[in-house]
């Protein structure tokens, strides 16, 4: 019995050991599983918090914190005296953040009533945004009034996703003054975005579209800032966390004189004249006036121009969208006679004393070429030919010189090629040659065409800027300066980044005597008893100048009509170009009036007004001195 019990006890102990081993194995397995599970948890936590921590932190911040660009104020544009032409003011725009709105269709229906805008225009703005990220605002309406602004702000809970954006907008202190030179802003297009630096520009940004606003975009735009704002789950702003202030753009000071520009533009506009007025310093190349009429209505472009206003500009028969200073080309008419005179003197075919006879016409081949004075001028030398603008004299000089030599001297005075001025889409004009006609027209040059060329007709085409450059080159003794419109560029701290320097691009050497002889004739145009611009005279100021009438089209049916009865589009263009004071020239002024008929009586008074303004202080002083002398 005793042995038997011992055996059973042994069996029990063996059984317990086995159970214990099994339990240990189970516990070990459980420990391994728990360790693996904990390891997985820690690995996942490491992956989420360490490896992907920055990414998820950014996502969380993006849900809680919204980053938005702060548009930089564009640089100001000043005139030569520091007068503010263009600065900035706050503009309030209605924008949509699509990620904060679940029902855009219903939202736009309500919003269109508040903004008083057709809903289709709002949808067009959204479609234009294309695949732009949903958190980037879409500008629906720009420059809203205070009533609209207050309503949207006070009822913002009714318009989820709608925000009011405050950005700088342009202020034009002189209205549309120098509009074609200054230009305007507009929302960046998709095509422009593709070619621009994505780190600087994004959809909805305003960018220079024309003029110096476009050409000097890099200087004017500044650098954007960033605003960090906390938002709730609905996307409504809770508090401002931080602002990184933008850097304003650089200021640009122009060479233009606002007062001279205004005189020119006001006089052109008062009589509804279409054309251009150009004035420049003859010894530096500084442009003082760059006026194109009709002017661009710059206020229409603030906040985006409407389709109606844009179509009105396109349909205007006087073409306000064209900068006629550099983009419109006209026959130079009798202003070209300076070139013919120079070519004749330089080649020796005539001198100042050469006399040619004008009976009122010149016969060449089987055709008769008329002088503007039907009865003729009689015996004419260079001085009288210029002062009275005798066509027959210059027919003969041009024929002796030849068209290719005429073109050679035209080029030396700035005709037939671009000047290099910092204005858009400058045309180079045409200074025709025999080879030019062969290439462009496929026909041989006819010598009779040289006669027309010699008096500024035929294939000749110029811009008003080129005629002003030609006049300045004659006035200063043969130097052709690069015409410039920028006096200096300064950063927001006032540091000068760029400064005007005169640049001589060409010089007519060895011709000072001949240029002086031409100037003698030009002075007679204004100061002489029979000059064609006697009405331009200013007491106390000696002016040299040249009138011109540029034939638009030769129509015999209108030959015997009174000028006022000729249809506007068929009337001749009127030129007047001049410089003063003749003794030591400072300024050249050129005026072109489209379909104005007569240079002396139509274009001349505009140039006279510009000169009177430019020399106003000296003329007043001279008048006072004369009064004292008379009183004594």
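Read-outs throughout are calculated quantities, based only on the coordinates presented, and are distinct from any laboratory measurement. Nothing here was measured: the structure is a model prediction, and the numbers come from that model. Backbone-built Cβ (ideal geometry, glycine too); neighbour counts: all protein chains shown.
Inter-label distance, residue 83 to residue 507: 3.5 nm, where each label sits 7 Å from its Cα along the C-beta direction. Taking the longest Cα principal axis of the chain as reference, the axis of helix 2-46 is set at about 10 degrees.
For the pair residue 150 and residue 116 in one chain, pulling the backbone fully straight at 0.36 nm per residue adds 10.8 nm over the alpha carbon distance.
In plain terms, the bigger the Kirkwood radius, the slower the diffusion; for segment 328-388, with that radius from Cα pairs, at 37 °C and 0.692 mPa s, Stokes-Einstein puts D at 255 µm²/s.
Compactness check for segment 260-623: Cα Rg over 2.2 N^0.38 Å is 0.99. With the simple spin-label model, which puts each label point 7 Å out from Cα in the Cβ direction, the residue 363 to residue 223 separation comes to 7.9 nm. Spatially, segment 78-102 and segment 301-329 are offset by 22 Å when compared through their Cα centroids. Rounded to the nearest 10 degrees, the inclination of helix 391-401 to the longest alpha-carbon principal axis of the chain is 70 degrees.
Applying D = kT/(6 pi eta Rh) to the chain, where Rh is the Kirkwood radius over alpha-carbon pairs, T corresponds to 4 °C and eta to 1.567 mPa s, the Stokes-Einstein value obtained is 44 µm²/s.
On full extension, the segment bounded by residue 42 and residue 136 gains 30.1 nm, given 0.36 nm per residue less the C-alpha separation. Computed from Cα positions, the angle between helix 512-527 and the longest principal axis of the chain comes to roughly 80 degrees.
Taking 7 Å steps out from each Cα toward its Cβ at residue 622 and residue 158 produces label points 6.9 nm apart.
Available extension along the chain between residue 311 and residue 49 is 88.4 nm, counting 0.36 nm per residue and deducting the alpha carbon span. All distinct Cα pairs of segment 443-490 go into the 1/r average, and the inverse of that average, the Kirkwood radius, is 13.6 Å. Panel values: segment 154-208, Kirkwood radius from alpha carbon pairs, Stokes-Einstein at 10 °C and 1.306 mPa s, translational diffusion coefficient 111 µm²/s.
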